[in-house]
């Protein structure tokens, strides 16, 4: 399942916020069983919510990913509640682009350090994205790595309301690309 394009941006409309909270409920309550009814907490009252929106012909259709960011003390920022709808996890770039916009938009707001508590299965992704592990914590019965982003790899994004657009084309398997690459190399 995929859309022709995805827009990753800060929430600007009520329906985006509602669908993001519903997605978090599906992922953190129904799939993972970490919370009973919902995962909302006091941080949601002050956090900026980001979403990945599946779109067709420029028309937004569905929230397929979300993350939230918030400023803690001074210029210290945190990201949390990264969730991608299970039907879109194979798309490949939704989680990384949500992370990129989260950190880059915080950088535009003066962020000097950005942290997240990351579930173990997601640690390799964060390491590929220039995050380092600081410690391990057990939250809601699951081990999480406390990680810090290397801000040198995240240029400021001064327009997070518009955000970023990803093509929704499915990735081609390597065997399909080999003949194309050979023809480009003159082989």
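Only one of the numbered conditions (1) within 14 Å of residue 8 (Cα to Cα); (2) surrounded by 13 or more Cβ atoms within 10 Å (Cβ to Cβ); (3) out of contact with any helix residue (DSSP H, G or I) (no Cβ under 9 Å at 6 or more places or on another chain) is not met by residue 83, and that is (3). The set of residues in the range 120-137 being in a strand (DSSP E or B) and crowded, with 17+ Cβ neighbours inside 10 Å consists of 131 alone. Residue 32 meets each of the listed conditions (1) out of contact with any strand residue (DSSP E or B) (no Cβ under 7 Å at 6 or more places or on another chain); (2) within 22 Å of residue 162 (Cβ to Cβ); (3) surrounded by 14 or more Cβ atoms within 10 Å (Cβ to Cβ) apart from (2).
Pairing residues of the range 29-52 that are at positive phi and at pLDDT 95 or above with residues that are in a helix (DSSP H, G or I) and surrounded by 12 or more Cβ atoms within 10 Å (Cβ to Cβ), at Cβ distances under 7 Å and at least 6 apart in sequence or on separate chains, gives no pairs at all.
For residue 65, the conditions (1) without any contact (Cβ under 8 Å) to a residue 40 or more places away in the chain; (2) under 10 Å from the mean Cα position of the chain (by Cα) are fulfilled apart from (1).
Residues satisfying the criterion are absent from the range 69-78 (criterion: part of a helix (DSSP H, G or I), at pLDDT 95 or above and farther than 12 Å from residue 154 by Cβ). Among residues that are within 21 Å of residue 34 (Cα to Cα), crowded, with 23+ Cβ neighbours inside 10 Å and touching a strand residue (DSSP E or B) at 6+ places or on another chain (Cβ under 6 Å), residue 102 is not included.
The values are calculated or read from the model by the stated rules, or taken from the named source; none is laboratory data. All values derive from a computational prediction rather than experimental measurement. Note that we place each Cβ from the backbone using ideal geometry, even for glycine, and neighbour counts take in every protein chain shown.
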